[in-house]
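One structure below.
Computed from the coordinates by the stated procedures, all read-outs in this text should not be read as laboratory data. Owing to the predicted nature of the structure, the values given are computational and were not obtained by experimental measurement. In this analysis, Cβ positions are derived from the backbone assuming ideal geometry, glycine residues included, and neighbour counts consider all displayed protein chains.
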Amino acid sequence: MEASLYLHIPFCVGSCDYCDFYSLPVRPGGPGLDAFVDILLADVRDSLARFAVDRVPTLYVGGGTPSVLGAVRAARLLAGLRALLPAWPEEVTLEANPESADGAFLRACREGGVSRISLGVQTFHEPSRRMVHRVGEGSLLPERLSLVSALFPGAFSADLISGLPGQNEQVLMRDIETLLAFNPAHVSLYALTADPKLPGSPPDDEADRLWLQGRDALEEAGYTQYEVSNFSRPGKRSRHNIRYWRMENWLGIGPAASGTVIDDRTGMGRRYTVKADAGAYNTPAFSKRDGGVTVEFLDRLTLIKETFLMGFRYTEGPDRELFKIRFGAELETFIPRTLERWRKRGFLDGEKTALNRDGLLLLNLFLLEVFEELE
Ligand code: SF4
């Protein structure tokens, strides 16, 4: 079976106010990380065997903050993966945060076969960083961005957030301009979502306007939007994330990770989620059969809905060939009325079964109509 691999490194040097990801505070290179790498590798080995995976097209090491592993452990993790995987994946992405992504770490990643670094920038604006308790020193960003750009030329992505407390149009435009001077191949611009709203956040309409201004600035600079929050230079889209949006199989390894495996012959599948408990995962006693992993069976209708939910985030839309193989009919036959209405309204992309730039802004409304038609 072919499946991508996601590895979750659930450690960070602090805790940002807006973050929903599972992570525990740790010192970079702190105790326990060596054992964690060993257990993660053992889990990769077991998971590849359990699901009979013989091809891994993409690998993504995320978190948390994978760069807290430090150079030596990152090298060991990558060498361990190289020994376990059937072949080295076509795309290998690793997330890093500036405070822990030093030269030694980045070189270890490059030598270990990482083809893409995704750097958590978020904002250069110190007051905004402080207001959301963003980890790491903003003052380190330029130096670390220079390093990443020198070691991974044309192969790094950076995340920015719009709608942060203390942010206005000027601040966001300066963030974008400062970042683009380092020539990232790919930029993710996320609209801040925090519930309840963080103190000092701009009102909703102002936050929406900010994101649109950010989108326009990125497009003017030659980055094409290819998903709700993602922009890239030609040929630099994240292949791993496209596999999620197109509902291709992936295994998630590590605490709080989840994986989804779909049987193309039946259109049914399974999703498993590893318990968000790094303490338990980090002990040999952690047992997948003992509450460490929950498994959910996904029937055909659930998967058709998810295929639309994920696929219409992407500017190419769901994978029509794969849809037909899995569900036995063209995807248009499931939602003809919605597609016709949205095409007439001018929100579909030409002849493609995909939302265009304006349509993406109304994704939730579109999905409501899709689900109503499916019921
Ligand atoms: S560094 Fe990233 S993963 Fe860690 S708490 Fe902050 S936003 Fe969350």
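Taking amide H as placed 1.01 Å from N in the peptide plane, GLY63 has its amide H under 5 Å from the amide H of ILE9, each at least 5 places away in sequence or on another chain.
Of all DSSP-defined beta bridges confined to the chain, some 40% are antiparallel rather than parallel.
The charge dipole of region 50-179, taken about the Cα centre with unit charges on the Cβ atoms of Lys, Arg (+1) and Asp, Glu (-1), comes to about 460 debye, rounded to the nearest 20.
Relative contact order of region 283-375, taken over Cα pairs closer than 8 Å and 6 or more residues apart, is 28 percent.
Pairs of Cα atoms nearer than 8 Å and 6+ residues apart set the relative contact order; for the chain it is 14 percent. Using Cβ point charges alone (K and R +1, D and E -1), the dipole size of the chain about the Cα centre works out to roughly 800 debye. Across region 300-375, counting alpha-carbon atoms alone, Rg and Dmax equal 11.2, 31 Å. Choose one of LEU301, ASN230, THR266: the residue whose Cα lies farthest towards the positive end of the charge dipole of region 225-311 (beta-carbon charges +1 Lys, Arg; -1 Asp, Glu; about the Cα centre). It is ASN230, whose Cα lies furthest towards the positive end.
Computed about its Cα centre, the charge dipole of region 300-375 is approximately 40 debye, with only Lys, Arg, Asp and Glu carrying charge at their Cβ. Percent of Cα-Cα pairs more than 26 Å apart in region 1-116, please. Tail of the P(r) past 26 Å holds 16 percent of the pairs. Hydrodynamic radius of the chain by the Kirkwood approach over all distinct alpha-carbon pairs: 21.7 Å.
Between THR193 and THR224, full extension at 0.36 nm per residue minus the direct alpha carbon distance yields a gain of 8.9 nm.
The sum of -39500 (n - 2.57) across all DSSP H runs of n ≥ 4, divided by the residue count of the chain, sets its helix-only mean residue ellipticity at 222 nm to -11500 deg cm²/dmol. In the chain, which helices (entire DSSP H runs) extend 20 Å or more along their own long axis, judged by Cα positions, while averaging at least -0.5 on the Kyte-Doolittle scale? In the chain, the long hydrophobic H runs are 33-50, 70-84.
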